[in-house]
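**Student:** I'd like to ask some things about the structure below.
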Amino acid sequence: MITRRHHFTVLASLALAPLLCSPWAAAQSNSKPDISAAGTPSSASLAYVPNEGSGTISVIDTATDQVLAELPGGSKPRGLAVGTDRRWLYVSDQPHNRLQLVDVGARALGGTIALGKSPEGVSISPDGRWVAAAVEGKNEIAVTDTRTNALAFSIKVRGTNPEHAVFSPNGRLLFVSAEEGEAVDVVDFANRKQVAQVAVGARPRGIGFLPDGSRAYVAAENASEVFVIDTSNFAIVARIKAGLRANGIAVHPGGREVYVSNGGDANVSVIDTASNQMVATIPAGQRPWNMALTADGKKLYVANGRSNNVSVIDTVHRSKLRDIPVGKLPWGVVIR
């Protein structure tokens with residue numbers, strides 16, 4: 001016997017069947033999320049993950065922690081910067097010695113900009129005008145003008161094998177980690193010249209600034225330490241013991257904490273900036289590398305190079321929420 005409720009359900013299903021089987025419905029179910037600037041609300045944050053082993057860029061919705069897209073990224077994408085309008089990605093393609101442009105809306109490779117041998121870390125100026133790429137083989141910083149998407153100028157640095165080139169919050173300085181030079185080169189960006197060099201521990205890598213720009217935190221991988229630099233006089237004001245093979249740095253937008261990825265320990269250290277002491281350790285994946293925080297500082301995204309995933313960390317409770325599978329050998333994370 002069919003009850004009235006079951007009778008209604010059967011009739012409704014029969015009525016909807018032609019719509020569910022229609023080409024329109026199929027197209028809707030197979031449609032790709034629009035991750036372009038036009039299709040993404042300005043309040044939405046996306047995490048971009050360059051996967052150097054698979055030549056792709058994973059795009060993660062930080063609200064849901066779902067992968068929305070896999071974009072082409074060149075042969076071996078490493079450093080990445082996101083244009084202010086989120087139309088273009090600027091990606092260092094290390095084997096081809098160039099900056100690869102990626103058209104986000106079209107999900108396709110765009111033009112390329114020759115940089116020199118082995119480009120790696122990439123950052124964008126606070127005003128969105130300039131993209132700086134550390135070029136290891138030339139000991140220089142190559143600067144692209146985002147208005148023209150062309151190389152504008154290069155700045156020589158004294159340190160050997162520059163890995164990261166990071167703008168200060170006001171855009172006046174570039175701090176450059178010299179991987180083989182055991183130093184941080186300081187560049188006056190407006191005058192396009194190096195003005196200081198700060199000796200740090202062996203194999204400096206990640207760099208991050210307090211929001212007011214007063215201090216820079218530099219991870220020295222082979223020393224397993226973090227060096228704290230006063231940006232007013234470029235003096236080292238603290239040395240903080242981190243985990244094994246410290247490399248990535250992320251600074252909380254409130255300035256109260258600094259996060260350090262420890263590649264040899266598969267975890268992330270938390271540093272209290274008031275005391276410059278390590279106050280917590282949070283598990284991540286294998287060989288955690290470069291990281292990024294959401295704008296509110298509540299979630300930290302950590303690229304795990306040997307796990308082929310990204311760990312999402314709740315910074316309030318200092319615990320790992322989940323791991324998100326991405327491409328092979330993820331190098332880092334950028335959130336915009």
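**Student:** Hey, SER58 hits all of (1) touching a Lys or Arg at 6+ places or on another chain (Cβ under 9 Å); (2) farther than 21 Å from ALA150 by Cα; (3) surrounded by 19 or more Cβ atoms within 10 Å (Cβ to Cβ) but one; which does it fall short on?
**Tutor:** (1)
**Student:** Can you find, within segment 112-152, the residue that is nearest to the chain's Cα centre (by Cα) among those that are on the phi > 0 side of the Ramachandran plot and not hydroxyl-bearing (Ser, Thr, Tyr)?
**Tutor:** Filtering first and then ranking leaves GLY128.
**Student:** Next question. Scan segment 299-323 residue by residue and report those that are among the charged types (D, E, K, R) and under 16 Å from the mean Cα position of the chain (by Cα). Give the steps one after another, and end with the answer.
**Tutor:** First, pick out the residues of segment 299-323 that are among the charged types (D, E, K, R): 299, 306, 314, 318, 320, 322-323.
Correct list: LYS299 only.
**Student:** When you scan segment 72-185 for strands (runs of 3 or more DSSP E) that lie fully inside it, which ones turn up with 3 or more residues that are without any contact (Cβ under 8 Å) to a residue 40 or more places away in the chain and among the basic types (Lys, Arg)?
**Tutor:** Details: elements: 77-82, 88-93, 98-103, 108-114, 119-124, 130-135, 140-145, 150-156, 162-167, 173-178.
Correct list: empty, since no element meets the threshold.
**Student:** Oh, and also: For segment 160-178, give me each residue that is under 16 Å from ASN139 (Cβ atoms) and buried (at least 22 other Cβ atoms within 10 Å of the Cβ). Show your work before the answer.
**Tutor:** Of segment 160-178, the ones under 16 Å from ASN139 (Cβ atoms) are 160-165, 174-178.
Result: PRO162, GLU163, HIS164, ALA165, LEU174, PHE175, VAL176, SER177, ALA178.
**Student:** Still on this structure, please answer the following. For SER13, all conditions in the list (1) exposed (fewer than 13 other Cβ atoms within 10 Å of the Cβ); (2) among the polar types (S, T, N, Q); (3) assigned to a loop (DSSP other than H, G, I, E, B); (4) at pLDDT below 95 hold save one; what is the number of the exception?
**Tutor:** Tallying (1) exposed (fewer than 13 other Cβ atoms within 10 Å of the Cβ); (2) among the polar types (S, T, N, Q); (3) assigned to a loop (DSSP other than H, G, I, E, B); (4) at pLDDT below 95, SER13 fails exactly one: (3).
**Student:** (1) closer than 21 Å to ALA165 by Cβ; (2) surrounded by 16 or more Cβ atoms within 10 Å (Cβ to Cβ); (3) more than 16 Å from the chain's Cα centre (by Cα); (4) of a type outside the set (Ser, Thr, Tyr): which one isn't true of ARG87, the others all being true?
**Tutor:** (1)
**Student:** If GLY332 satisfies every condition in (1) within 11 Å of the chain's Cα centre (by Cα); (2) not in a loop (DSSP other than H, G, I, E, B) but one, which is the exception?
**Tutor:** (2)
**Student:** Every residue in segment 306-320 that is closer than 14 Å to THR294 by Cβ, free of Cβ contacts under 8 Å to residues at least 24 places away in the same chain and either in contact with a strand residue (DSSP E or B) (Cβ under 6 Å, 6 or more places away or on another chain) or polar (S, T, N, Q) (or both), please.
**Tutor:** ASP314
**Student:** Out of curiosity, is ARG215 under 19 Å from ASN290 (Cβ atoms) and surrounded by 20 or more Cβ atoms within 10 Å (Cβ to Cβ)?
**Tutor:** Working: under 19 Å from ASN290 (Cβ atoms): no; surrounded by 20 or more Cβ atoms within 10 Å (Cβ to Cβ): yes.
Against the criterion (under 19 Å from ASN290 (Cβ atoms) and surrounded by 20 or more Cβ atoms within 10 Å (Cβ to Cβ)), ARG215 does not qualify.
**Student:** I would also like to ask the following. Can you pull out the residues in segment 186-196 that are surrounded by fewer than 18 Cβ atoms within 10 Å (Cβ to Cβ) and either of a type in the set (Asp, Glu) or not in a strand (DSSP E or B) (or both)?
**Tutor:** Within segment 186-196, ASP188, ALA190, ASN191, ARG192 qualify.
**Student:** Moving to a separate point now. Could you say whether any residue in segment 230-240 is out of contact with any Asp or Glu (no Cβ under 9 Å at 6 or more places or on another chain) and at positive phi?
**Tutor:** Taking segment 230-240 and keeping what is out of contact with any Asp or Glu (no Cβ under 9 Å at 6 or more places or on another chain), we get 230-235, 238.
Those left that are additionally at positive phi: 234.
Yes, segment 230-240 contains a residue that is out of contact with any Asp or Glu (no Cβ under 9 Å at 6 or more places or on another chain) and at positive phi.
**Student:** So which strands (runs of 3 or more DSSP E) are wholly in segment 242-326 and hold at least 2 residues that are under 24 Å from ALA44 (Cα atoms) and among the β-branched types (Val, Ile, Thr)?
**Tutor:** Numbers: elements: 246-251, 257-262, 267-272, 277-283, 288-293, 299-304, 309-314, 319-325.
Passing ranges, in order: 246-251, 309-314.
**Student:** Among the residues of segment 28-60, what is the count of those that are at pLDDT 95 or above and part of a loop (DSSP other than H, G, I, E, B)? If you could, list the steps in order and put the result at the bottom.
**Tutor:** As a first pass, look at segment 28-60 and keep what is at pLDDT 95 or above: 46-60.
When the remaining residues are screened for being part of a loop (DSSP other than H, G, I, E, B), the result is 52-55.
Qualifying residue count, segment 28-60: 4.
The values are calculated or read from the model by the stated rules, or taken from the named source; none is laboratory data. Keep in mind the model is a prediction, meaning the values are calculated, not measured. Backbone-built Cβ (ideal geometry, glycine too); neighbour counts: all protein chains shown.
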